[in-house]
1. Of all residues in the stretch 1-52, which are within 30 Å of HIS145 (Cβ to Cβ) and not in a helix (DSSP H, G or I)?
2. Of the residues ALA96, ALA104, ALA83, ALA76, which is under 13 Å from THR8 (Cβ atoms), at pLDDT below 95 and in a helix (DSSP H, G or I)?
3. With the requirement that a residue be open to solvent by less than 30 Å² (accessible area, probe 1.4 Å) and without any contact (Cβ under 8 Å) to a residue 24 or more places away in the chain, what does the stretch 127-159 give you?
4. Could you list, in sequence order, all residues of the stretch 109-123 that are without any contact (Cβ under 8 Å) to a residue 24 or more places away in the chain and open to solvent by 40 Å² or more (accessible area, probe 1.4 Å)?
5. Looking at ARG26, ARG61, which is the one that is surrounded by fewer than 21 Cβ atoms within 10 Å (Cβ to Cβ) and either touching a residue at least 40 places away in the same chain (Cβ under 8 Å) or under 16 Å from LEU156 (Cα atoms) (or both)?
6. Quick one: would you say GLY67 is farther than 19 Å from THR154 by Cβ and either in contact with a helix residue (DSSP H, G or I) (Cβ under 6 Å, 6 or more places away or on another chain) or open to solvent by less than 10 Å² (accessible area, probe 1.4 Å) (or both)?
Amino acid sequence: MPGSIGFTLMFTAFSVLHAASILGWRRSLAFLLVCAVVSWCFEEVGVSTGLVYGAYHYSSRLGAKLGEVPLIIPLAWFMMVYASWTWQGCCWMAPARRHRRGTAARIVTAAMVMTAWDTVMDPGMARSGAWTWEPGGAYFGVPLHNFAGWLATTSLSTP
């Protein structure tokens, strides 16, 4: 069984290959780079200050870290931001993509899809020991403002 790191690497590879087939290599690698940098920055600020998602810290369970954030985390963000972006793209008509309002709606929709996924993933991963919410929170031990942080991070990571 590959575990969290193995599954994340496999699904990230799938996402990159799928993105390359849809967007081309240049745009898909730019998407990956922007998403990885934005998410790592938000995560590092979040772990250091507690401002973005709430007070938390990562265990060593997710492998090597850059700063306080495991290297796998920005890849996991891309894997799911890409899936959320792709899914929401099915919800919008092609003409809406050419207008700013359509683009903004697609970004908001992708951020909502991503945050909905987090409502399931976050409590389970915390329970598994991947990270710890220091004061806990109202939603299965997760602080509610964590979800606002997910909306913001995803919005800035989405093309």
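1. GLY50, LEU51, VAL52
2. Result: ALA83 is the single residue among ALA96, ALA104, ALA83, ALA76 that is under 13 Å from THR8 (Cβ atoms), at pLDDT below 95 and in a helix (DSSP H, G or I).
3. Selection gives GLY136, GLY141.
4. ALA116, VAL120
5. ARG61
6. yes
The values are calculated or read from the model by the stated rules, or taken from the named source; none is laboratory data. Just so you know, these numbers come straight off a predicted model, no measurement behind them. Glycine gets a Cβ as well: all are built from the backbone with ideal geometry, and neighbour counts include every protein chain shown. The protein model used for the area step is the full one, side chains on, heavy atoms only, and it has no ligands, DNA or RNA in it. Shrake-Rupley method; radii C 1.70, N 1.55, O 1.52, S 1.80 Å.
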